[in-house]
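The values are calculated or read from the model by the stated rules, or taken from the named source; none is laboratory data. Source: prediction; values computed, not measured. We place every Cβ from the backbone using ideal geometry, glycine too, and count neighbours over all the protein chains shown. Protein only, heavy atoms only, side chains kept; ligands, DNA and RNA dropped before computing areas. Shrake-Rupley method; radii C 1.70, N 1.55, O 1.52, S 1.80 Å.
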Amino acid sequence: MIVQTFLGGLPGDRITDYRNSTPRYIKLLGIGESARSLVERFNDEHRDNIMMSGPLNPSGLQPLDEPVNGVKPNAVIVVYEKGEDVKFPFLTDRTASMLSFIVVEPNDTSVEGEGNKKLRELRAVADLYVTTSDREFVAELVNNLAS
């Protein structure tokens, strides 16, 4: 016998009081000036579940999923534009939350690859690693995970 049901009435609707049906807290980090401009646009939207910790001390090391204002993120997205200077003030240990590492390829094809040890370590522990030239991919991923 096959039984089918649609939880919540309509497919695609949120299920009231179900923990996986609430918007997730996303911590968004930009490494370098170009990546920072990509992530700062979310500040203008004033969404409570997209967290950014602001400028950080590059010599201090903290966990990637360190709480922001007492709220622990459900997912961490790190954005880096290839060729940018890297000052990465985070431990590259495995996080308790989902970790996505997005490398944006610049239009200038003469930019060399990611040779930085920290970036290689981050790539190794990331749940999702994407290299893209589509700058809008960052917004699509953030909106998908934060919805």
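Conditions tested, residue by residue: (1) open to solvent by 50 Å² or more (accessible area, probe 1.4 Å); (2) within 12 Å of Leu28 (Cα to Cα); (3) modelled with pLDDT of 80 or more; (4) among the aromatic types (Phe, Trp, Tyr).
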| position | (1), (2), (3), (4) |
| --- | --- |
| Ile102 | no, yes, yes, no |
| Asn107 | yes, no, no, no |
| Ser133 | yes, no, yes, no |
| Glu136 | yes, no, yes, no |
| Ala139 | no, yes, yes, no |
| Leu145 | no, yes, yes, no |
Asp17 is checked against (1) in a loop (DSSP other than H, G, I, E, B); (2) farther than 18 Å from Thr95 by Cα; (3) open to solvent by less than 90 Å² (accessible area, probe 1.4 Å); (4) modelled with pLDDT of 65 or more and fails just one. What number does that condition carry? (3)
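Scan the range 83-106 residue by residue and report those that are hydroxyl-bearing (Ser, Thr, Tyr) and not in a loop (DSSP other than H, G, I, E, B).
Ser100
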Subset tally (residues that are surrounded by 17 or more Cβ atoms within 10 Å (Cβ to Cβ) and farther than 22 Å from Ser133 by Cα) for the range 59-87: 5
With the structure loaded, tell me whether Val111 is modelled with pLDDT under 85 and more than 26 Å from Pro23 (Cβ to Cβ) or whether it fails that test. yes
Can you name every residue in the range 44-62 that is over 21 Å from Glu84 (Cα atoms), assigned to a loop (DSSP other than H, G, I, E, B) and either modelled with pLDDT of 75 or more or among the charged types (D, E, K, R) (or both)? Asp44, Glu45, Arg47, Asp48, Asn49
